[in-house]
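See below for the structure under consideration.
Taken together, the values in this text are just the output of simple stated rules run on the coordinates, not laboratory data. What you see is a predicted model; the values in this text were computed from it and never measured. Glycine gets a Cβ as well: all are built from the backbone with ideal geometry, and neighbour counts include every protein chain shown.
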2 protein chains.
Amino acid sequence: MSKVRVASFSVSLDGFGAGPRQSLEHPLGENGTELHHWFIETQTWRKMHGEHGGRGGVDDDFSARSMRGVGAWILGRNMFGPVRGPWLDEKWRGWWGETPPYHVPVFVLTHHTRPPLPMQGGTTFHFVTDGIHAALELARRAAGDKDVRIGGGVATLRQYLSERLIDELHLALSPVLLGRGEALFAGIDWRDLGYRCVDITAGEGATHVTLAKRA
Amino acid sequence: MSKVRVASFSVSLDGFGAGPRQSLEHPLGENGTELHHWFIETQTWRKMHGEHGGRGGVDDDFSARSMRGVGAWILGRNMFGPVRGPWLDEKWRGWWGETPPYHVPVFVLTHHTRPPLPMQGGTTFHFVTDGIHAALELARRAAGDKDVRIGGGVATLRQYLSERLIDELHLALSPVLLGRGEALFAGIDWRDLGYRCVDITAGEGATHVTLAKRA
């Protein structure tokens, strides 16, 4: 059955899903790339970026699984780019170049309308201005019997989580202290929302934690 | 060389070192015992409590190591007991019965004086009213060339950490979401204080994280 899921979402030991002060220079916030070393070294990541090599193993298995069976994505606007406020022009086309690694419809949450942006390789960015429920409805329809993946960032994930709209989360706990940044858990009672840990698996560069919502 | 360390300190996936509302009935806060399942099942724990059996393996190795070479402990008052305010009498003698599992001097931080309390098996509780630095000085002197272990709870650990007085921390990350309780990381920039992750090892019931202070 189609699921709404978060996958390969990196978190620091102190609970940050991104560093502070995201910018064009630091798309993942300051020191944020340290969270993703486990992923960048995998075969899956290399292949996604048209490269060869990389590491197989547990981290790679989780990476590959996170991409499999995804029919649509939802991204917060900050994950799409560093532009804030109205789209002054349409020059910004995402962080990923002309062939983004999605290959399916991607719904971007924003307060500012913009026409759909078809990219190479099957990705089309759709800009949704009427909230997280509307975006999920569109994504579900686009995904059919495949999964909807909530890509992030932290604020977007927390919004969907708080409404119990996420079925499963795979978090990759990186062996890093960020000290500051976007806190994933703070101020939300995940237990009370019905989430629990269903698996922990040690990888080469991260510890993989799977959380699921009680039926 | 003698170290100041935290060891076998259990933390939930969402970063809580104890549940909320500690009481006589819930010494570790509500649902707090879930954090310690990994430890309670080890041979080391059983032996400490005069029992046989228990599980060997990674969790047990970390448990045994956490007890080895400790010459003195420091505990926050809440870790010593549920009594708040002045000691109305001296009936409360700790959570652990007449033979506590310390077997060395234990310095309890409190705002209220009380004479030292010698117990069976080598443990003596000393009540220190002039702050964390004074307690550490006393503990260091008592420990000699052995280590001083900061036992907890969360508030005590955070106080020592904020002053960079802890050399090494072994946290046992339990596969549990507590949802609420005493947050270990919130509001302190561990990275900025100079701490970093030096080891992660998967155990049977917890993931063992070792943090150390940069020299």
*Would you check if A:VAL148 is in contact with a His (Cβ under 9 Å, 6 or more places away or on another chain) and part of a strand (DSSP E or B)?*
no
_Looking at the range A:19-38, can you tell me whether even one residue there is of a type in the set (D, E, K, R), surrounded by 15 or more Cβ atoms within 10 Å (Cβ to Cβ) and in contact with a His (Cβ under 7 Å, 6 or more places away or on another chain)?_
no
*Out of all the residues in the range B:53-60, is one or more without any contact (Cβ under 8 Å) to a residue 12 or more places away in the chain, touching a helix residue (DSSP H, G or I) at 6+ places or on another chain (Cβ under 6 Å) and either surrounded by fewer than 19 Cβ atoms within 10 Å (Cβ to Cβ) or within 24 Å of B:PRO175 (Cα to Cα) (or both)?*
yes
*asked:* Suppose we keep only residues that are more than 7 Å from chain B (Cβ to nearest Cβ) and among the hydrophobic types (A, V, I, L, M, F, W, C) within the range A:173-202. Which one would you say is nearest to the chain's Cα centre (by Cα)?
replied: A:LEU184
_Single match in A:LEU117, A:LEU88 (criterion: more than 19 Å from A:HIS26 (Cβ to Cβ) and surrounded by 11 or more Cβ atoms within 10 Å (Cβ to Cβ))_ = A:LEU117
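Here is a yes/no grid of residues against (1) more than 26 Å from B:ALA183 (Cβ to Cβ); (2) in contact with a strand residue (DSSP E or B) (Cβ under 6 Å, 6 or more places away or on another chain):
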| position | (1), (2) |
| --- | --- |
| B:HIS26 | no, no |
| B:GLU30 | no, no |
| B:ILE40 | no, no |
| B:HIS52 | yes, no |
| B:ILE74 | no, yes |
| B:PRO86 | yes, no |
| B:THR110 | no, yes |
| B:HIS126 | yes, yes |
| B:ILE132 | no, no |
_Lone qualifier among A:THR44, A:THR33 - being among the β-branched types (Val, Ile, Thr) and either farther than 26 Å from B:VAL11 by Cα or in contact (Cβ under 8 Å) with a residue 24 or more places away in the chain (or both)_ = A:THR44
*asked:* With the requirement that a residue be in contact with a helix residue (DSSP H, G or I) (Cβ under 9 Å, 6 or more places away or on another chain) and within 25 Å of B:THR201 (Cα to Cα), what does the range A:174-184 give you?
replied: A:SER174, A:PRO175, A:VAL176, A:LEU178, A:ALA183, A:LEU184
